[in-house]
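To start, the structure under review is shown below, and the notes come after it.
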Amino acid sequence: MEAIEHPPIFRLPGIPDHVTYTWLVMIILAGLTFVASRHLQLVPRGLQNFLEVVLEQFLQMIDDVMGPEGRRYLPLIATLGLFILTSNLMGLVPGLAGVTSNLNTNAACALVVFIAYHWIGVRKQGLIPYLKHFAGPVPLALKPLMFVIEIISHLARPLSLTLRLFGNMVGGHILLAVIFLLMGLDGLIGWALSGSVAGAIIGGIGGLVTIVFTVGFLYPLKILVAFLQAFIFVMLTMLYISGAIEESEHHSEQHSGHH
Amino acid sequence: MRRSLILGGLAVLAFPTAALAAEGGTGGWIAPFAVIAAGIGMAIAAGLCGLGQGRAVASAVDAMARQPGAAARIQTAMIIGLALIESLAIYTLVIALILLFVKGINFA
């Protein structure tokens, strides 16, 4: 696969590509927010306005899924969301390496989510009550079995987060790499330039159809998948956190009609 | 018709065996089967994922037509559901990629 893909334009010696471009994402995000927070105004304009809209979207999602007491987890959720969104979009630009098309970055984000929601749950309820909720509302005889099933399903969560993000990003990249392979000097463009009439017709029409298909359908689809996968990652993080903290509400408070 | 389908499918599996027997290769058993498994597995996963997502979208559109006021929340739930169903096909894609690029190369 490395033979089909081209190396990125900027490479630091001795450091893997995805780490270099993670640093680039960090510089972009930190720089953008630093510039926007220079002179904070009550009525925002320009870059501050744009970033406030983005944060409002995150706050709205948090209110929908976790309720207003989930707003304290906004730093974790917004950081994960913006990092994954920027990394996904950076992988689409030809010439830059994809940060999330490497398994290590996705595994790191998923591990952060895993440790975070267990930590939040244990901190909120204490270790033993949190573990007791793993057993679920089943009769006492079935509790050990339910405990084992819950452990397995909890272990499957970071795995599924990682593979979902990785598979979506890498699938799009491989599709694009195959189309470049078809279009190259061994394929359609070579036929078009080969000098024979049949080659020119097939290569020309095929090349044109492939270009229209790629630019008109594949790239918008990849951009949609980039946004969608960041949204899904953040939504699942919020669901896991709300699942970890909501157990206490069955015992202590009244169940209000809102959530 | 189903019996002939099964027999035909099994007959397809005889081709790489015959090819390998012809060239007398003993170490090259995994590569053709890995490639076939990757292709067939991905095809089955994509087809079933299409069926599942079709049902999800059909229910969502029915619900939105029944209650246009709740359309935004239903659409959000539909998008989340579609992404989760699609992730099952993506797991199969990852396995297919592993099969193709790790086992599908002939170490000859």
Count - residues of region A:30-57 that are closer than 19 Å to residue A:100 by Cβ and crowded, with 16+ Cβ neighbours inside 10 Å: 0
Test: residue in region A:173-186 that is at negative phi, of a type outside the set (S, T, N, Q) and at pLDDT 90 or above: no
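Each row is one residue, and each column tells you yes or no for (1) out of contact with any Lys or Arg (no Cβ under 9 Å at 6 or more places or on another chain); (2) aromatic (Phe, Trp, Tyr); (3) more than 21 Å from residue A:86 (Cα to Cα).
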residue: A:108; (1), (2), (3): yes, no, no
residue: A:147; (1), (2), (3): yes, yes, yes
residue: A:156; (1), (2), (3): yes, no, yes
residue: A:192; (1), (2), (3): yes, no, yes
residue: A:216; (1), (2), (3): yes, no, yes
Looking only at region B:68-100, and only at residues there that are within 12 Å of another protein chain (Cβ to nearest Cβ), more than 14 Å from residue A:166 (Cβ to Cβ) and not aliphatic (A, V, I, L, M), the one that is surrounded by the most Cβ atoms within 10 Å (Cβ to Cβ): B:81
Criterion: in a helix (DSSP H, G or I), modelled with pLDDT under 90, of a type outside the set (A, V, I, L, M, F, W, C) and over 20 Å from residue A:108 (Cα atoms) - qualifying residue of A:207, A:216: A:207
Selection count where residues are part of a helix (DSSP H, G or I) and either crowded, with 17+ Cβ neighbours inside 10 Å or on the phi > 0 side of the Ramachandran plot (or both), scope region A:64-85: 13
Failed item in (1) away from chain B (no Cβ under 14 Å); (2) free of Cβ contacts under 8 Å to residues at least 40 places away in the same chain; (3) touching a helix residue (DSSP H, G or I) at 6+ places or on another chain (Cβ under 7 Å), with residue A:140 passing the rest: (3)
Residues of region B:30-67 that turn out to be over 30 Å from residue A:60 (Cα atoms) and either among the aromatic types (Phe, Trp, Tyr) or surrounded by fewer than 17 Cβ atoms within 10 Å (Cβ to Cβ) (or both), as a count: 13
Test: residue in region A:86-93 that is within 14 Å of chain B (Cβ to nearest Cβ), surrounded by 18 or more Cβ atoms within 10 Å (Cβ to Cβ) and either over 23 Å from residue B:91 (Cα atoms) or within 17 Å of the chain's Cα centre (by Cα) (or both): yes
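For residue A:99, indicate whether it is touching a Phe, Trp or Tyr at 6+ places or on another chain (Cβ under 8 Å), assigned to a loop (DSSP other than H, G, I, E, B) and at negative phi. Even if it seems obvious, please write down each step before you answer.
Numbers: touching a Phe, Trp or Tyr at 6+ places or on another chain (Cβ under 8 Å): yes; assigned to a loop (DSSP other than H, G, I, E, B): yes; at negative phi: yes.
Here the answer is yes, as residue A:99 does meet what is asked.
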From the options A:173, A:154, A:118, residue that is without any contact (Cβ under 8 Å) to a residue 60 or more places away in the chain, assigned to a helix (DSSP H, G or I) and either of a type in the set (Phe, Trp, Tyr) or surrounded by 14 or more Cβ atoms within 10 Å (Cβ to Cβ) (or both): A:154
Entirely in region B:1-95, the helices (runs of 4 or more DSSP H) that have 1 or more residues that are β-branched (Val, Ile, Thr) and at pLDDT 95 or above: B:30-66
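The values are calculated or read from the model by the stated rules, or taken from the named source; none is laboratory data. Computed from a prediction, not measured in an experiment: that's the story for all the values here. In this analysis, Cβ positions are derived from the backbone assuming ideal geometry, glycine residues included, and neighbour counts consider all displayed protein chains.
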